[in-house]
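Coordinate-derived values only; no laboratory data. Just so you know, these numbers come straight off a predicted model, no measurement behind them. Cβ placement follows ideal geometry from the backbone for every residue including glycine, while neighbour counts extend to all protein chains displayed.
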Amino acid sequence: MLELRPNCENCDKDLPPDSADACICTYECTFCRQCVESVLENVCPNCGGNFCPRPIRPVTAHREGVSLKHHPAGTNRKHTPYSEAEIRAFSATTKHLTPQER
Ligand SMILES: [Zn+2]
Ligand SMILES: [Zn+2]
């Protein structure tokens, strides 16, 4: 199950569970859409993978015991250990490859 992490790992923008701006890689590294597009260039600085929009967990329990209320969003804020220059340098080595080629 996704943690639904609360912030962008790069710019620290809040990314609440209903945010349409939250993007994740397969490891659930979480960044805002603006950082993914303008800084990361669709390369995760932690794993080299690509990003997709994070799905939104329903607030309504359409099935018993399954909703945001039953499985609330995470509260543990993460911050990338990499500087923007390091992120851009890493991205430059990988962004020309399709996700399937990485
Ligand atoms: Zn950001
Ligand atoms: Zn990643």
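Tell me which GluC sites (Glu not before Pro) from the range 55-102 have a DSSP coil assignment and no more than 14 other beta carbons within 10 Å of their own.
Filter output for the range 55-102: Glu64.
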Rounded to the nearest 20 debye, dipole of the chain from Cβ charges on Lys, Arg, Asp, Glu
200 debye
Check cross-link reach from Lys95 to the aspartates and glutamates: straight Cα distance under 17 Å, and skip same-chain residues fewer than eight apart.
Glu37, Glu41, Glu84, Glu86
Enter the angle in degrees (range 0 to 90, nearest 10) between the Cα long axis of helix 84-94 and the first principal axis of the Cα atoms of the chain, meaning the one along which they spread out most.
80 degrees
Any chance you could check the Cα centroid distance between the range 87-102 and the range 55-70 for me, in angstrom?
35 Å
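Trypsin sites (Lys or Arg not before Pro) within the range 45-92: which are DSSP loop residues with at most 14 other Cβ atoms inside 10 Å?
Numbers: sites: Arg63, Lys69, Arg77, Lys78, Arg88; in loops: Lys69, Arg77, Lys78.
Loop-located and lightly packed - Lys69, Arg77.
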When the charge dipole of the chain is computed with +1 on Lys and Arg Cβ and -1 on Asp and Glu Cβ about the Cα centre, the Cα farthest towards its positive end, among Cys47, His96, Tyr27, belongs to Tyr27
Length gained when the stretch Lys13-Met1 is fully extended (0.36 nm per residue, less Cα-Cα span):
2.1 nm
